[in-house]
């Protein structure tokens with residue numbers, strides 16, 4: 001459903017963009033052209049389609065090792081979370097409850113955040129293999145994947161998070177000046 | 001781009017580099033560990049300080065999460081007019097440390113589905129045509145009922161909203177400079193904090209009024225507020241307003257980044273979660289007198305407060321002194337800015353009897369701020385639902401007791 005709504009929004013967008021900005025040539029000619037390498041290094045955000053996922057792979061078993069070495073200090077031995085430990089479970093309740101991390105509609109979201117922000121003492125320091133492995137371990141703890149599953153650029157985007165269909169994108173189709181849908185708030 | 005422009009730019013860059021090296025030299029002479037600002041802030045006349053009798057300060061809820069460095073609220077009850085002083089702007093950071101950025105080294109990279117990827121220095125961003133606009137920023141978790149000790153303080157319950165005059169260049173200007181390709185529908189904005197905080201914004205909003213802001217209330221944006229440059233996304237939940245902005249990628253689908261994917265979705269009793277709730281609802285709060293205040297005796301008081309809405313401009317605010325049985329229209333401070341705090345004022349003669357003061361905002365879209373009961377009815381929930389939900393914009397009643405004490409009367 002989200003996809004079709006997105007497509008609709010895209011179509012409307014393209015139309016309005018071409019109307020409001022017929023000639024998008026540079027007007028002020030400020031700025032410099034970045035090198036392809038600079039863009040490649042910086043362009044790390046991984047969206048649900050998984051296009052930007054790097055080569056590499058990881059298993060649940062490998063993830064358990066990464067977790068013990070680099071994650072356990074903050075997240076606790078089982079990832080369950082305590083007053084001091086930020087929980088990793090549950091990512092995939094049938095009914096979402098407002099617990100940190102319980103509301104993840106795409107597995108790529110987990111990969112992306114582990115990749116950019118973990119471990120908190122040295123964010124961004126994990127290798128792609130370590131990120132795949134840690135993600136596999138977290139998803140396994142949440143009963144999303146099997147112990148034998150291997151995560152890589154192909155398998156990760158195909159994981160279906162248990163809650164995905166429970167997310168309603170309220171304002172995807174919003175346009176400037178438009179009143180919010182009735183009953184949208186609060 | 002022709003060679004003519006290249007040579008112009010080279011010349012400018014050469015001049016810029018000379019200036020930059022001068023600036024670097026000046027900083028280094030002070031000492032590598034001592035930024036210029038330290039030396040300046042030690043001197044109360046170099047940067048003026050409030051009276052020592054004035055204790056208008058941000059306050060903490062004391063419950064920051066492990067990934068939240070700061071959770072500080074604006075003292076709405078102590079402020080007048082519509083502008084929040086920069087040093088009192090609320091802070092709610094989902095990051096891992098506040099970055100300490102030298103603007104001379106900062107770059108904004110724009111790429112993705114564009115004809116011309118570009119990198120801008122701060123000097124270049126400041127050369128673009130600029131705009132100054134008064135906008136509020138409000139955390140979508142603001143106004144959860146009864147938050148804080150006793151739930152009685154307008155600061156702790158409602159103080160995650162602030163309003164500034166922001167100056168910068170419209171994101172649409174930068175996007176047009178890059179040439180957005182057909183098929184693009186979103187931008188991904190990324191900060192330069194350690195976590196590279198990421199948010200997705202629909203291209204329609206990016207091309208409409210989203211601001212790349214380098215100044216706040218006339219001076220450079222402060223470090224905690226996104227120095228040297230940040231997004232301001234007018235009327236939308238402030239989690240979209242990426243601070244320390246370093247990258248804009250033009251794409252055809254949202255990133256579903258950690259802080260937008262589900263963490264900020266509101267869950268309903270039926271198990272559904274509401275995501276991508278951009279515009280904030282119409283809201284108004286009486287800031288004075290409010291919870292924790294005590295009226296010294298019967299007589300004249302001015303009731304005053306703030307109203308704002310993600311729907312654009314506040315059209316009217318009505319005030320009730322009898323718990324919502326009757327309302328009268330309040331006076332709005334002019335001019336009313338769209339997507340900005342709007343100050344309202346209402347003359348009141350207290351007769352010494354119990355009273356319940358509350359305000360109700362109506363915006364230019366005709367949307368009316370609901371009571372908590374009305375809001376609960378919309379979602380089919382009990383009022384307790386809003387203790388954990390975000391985006392609550394219900395009417396806030398303050399009960400004035402006969403002894404002049406005032407308390408939160410929401411529930």
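The values are calculated or read from the model by the stated rules, or taken from the named source; none is laboratory data. Quantities reported herein were computed from a predicted structural model and do not represent experimental measurements. Heads up, the Cβs are rebuilt from the backbone with ideal geometry, glycines too, and the neighbour counts pull from every protein chain shown.
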Mind listing whichever residues of region A:101-134 are in a helix (DSSP H, G or I) and in contact with a strand residue (DSSP E or B) (Cβ under 6 Å, 6 or more places away or on another chain)? A:129, A:132, A:133
Would you say residue B:311 is at positive phi and in contact (Cβ under 8 Å) with a residue 40 or more places away in the chain? no
Considering only region B:130-149, state which residues are under 20 Å from residue B:215 (Cβ atoms) and in a loop (DSSP other than H, G, I, E, B). B:130
From the set of residues in region A:45-100 that are at pLDDT 65 or above and touching a strand residue (DSSP E or B) at 6+ places or on another chain (Cβ under 6 Å), which is surrounded by the fewest Cβ atoms within 10 Å (Cβ to Cβ)? A:57
Of the criteria (1) within 14 Å of chain A (Cβ to nearest Cβ); (2) crowded, with 20+ Cβ neighbours inside 10 Å; (3) in contact with a helix residue (DSSP H, G or I) (Cβ under 7 Å, 6 or more places away or on another chain); (4) under 30 Å from residue B:406 (Cβ atoms), which one residue B:237 fails: (3)
From B:247, B:277, grab the single residue that is within 7 Å of chain A (Cβ to nearest Cβ), crowded, with 24+ Cβ neighbours inside 10 Å, on the phi < 0 side of the Ramachandran plot and under 17 Å from the mean Cα position of the chain (by Cα). B:277
Tell me, please, whether a residue that is crowded, with 23+ Cβ neighbours inside 10 Å, part of a strand (DSSP E or B) and away from chain A (no Cβ under 11 Å) can be found in region B:166-183. yes
Give, as residue ranges, the strands (runs of 3 or more DSSP E) completely inside region B:332-411 that count at least 1 residues that are within 14 Å of another protein chain (Cβ to nearest Cβ) and either out of contact with any strand residue (DSSP E or B) (no Cβ under 7 Å at 6 or more places or on another chain) or within 27 Å of residue B:166 (Cα to Cα) (or both). B:355-363
Quick check: is even one residue across region B:204-221 in contact with a strand residue (DSSP E or B) (Cβ under 6 Å, 6 or more places away or on another chain), at pLDDT 95 or above, over 23 Å from residue B:83 (Cβ atoms) and not in a loop (DSSP other than H, G, I, E, B)? yes
Tell me whether region B:293-311 contains one or more residues that are at pLDDT below 95, more than 20 Å from residue B:86 (Cβ to Cβ), more than 8 Å from every other protein chain (Cβ to nearest Cβ) and outside any strand (DSSP E or B). no
Name, by its number, the condition in (1) modelled with pLDDT of 95 or more; (2) crowded, with 18+ Cβ neighbours inside 10 Å that does not hold for residue B:265. (1)
Hey, among B:97, B:112, which residue is out of contact with any strand residue (DSSP E or B) (no Cβ under 7 Å at 6 or more places or on another chain), within 21 Å of residue B:245 (Cβ to Cβ) and in contact (Cβ under 8 Å) with a residue 24 or more places away in the chain? B:97
